[in-house]
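Everything below concerns the one structure shown next.
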Amino acid sequence: MLKVDRERERIALGMQPVKVTINVSATQFRSPDFTDNLLSLIRNSTMWHEWLELEVTESTVMSRINEAAK
């Protein structure tokens, strides 16, 4: 079961929602399928996208520092 699905179950039980954070590595971020995979996760989960937070690791930003500064 996905972390986002567990959170949706908590909400269904009347608990307050909390953000679900997903760490994204540099390799994942640079993957040509990253956007498609992320959209698929959102569509196929029962989690509301408002409660989903992506955390880009420092190495992702630092690996392309010139692009990150833009």
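The values are calculated or read from the model by the stated rules, or taken from the named source; none is laboratory data. Predicted model only: the values in this text are computed from it and were never measured. Because the Cβ atoms are built from the backbone with ideal geometry, glycine has one as well, and the counts that use them run over all protein chains shown. For accessibility, only protein heavy atoms count, side chains too; no ligands or nucleic acids. Shrake-Rupley method; radii C 1.70, N 1.55, O 1.52, S 1.80 Å.
Some points to look at:
- Count of region 8-43 residues which are part of a helix (DSSP H, G or I) and of a type in the set (Gly, Ala, Ser): 3
- First in region 9-27 and more than 17 Å from Thr57 (Cα to Cα) and touching a residue at least 12 places away in the same chain (Cβ under 8 Å), second anywhere and outside any loop (DSSP other than H, G, I, E, B) and among the acidic types (Asp, Glu), Cβ under 6 Å, 6 or more apart: Lys19/Glu53
- Taking the criterion of being among the basic types (Lys, Arg) and open to solvent by less than 40 Å² (accessible area, probe 1.4 Å), no residue of region 23-37 qualifies.
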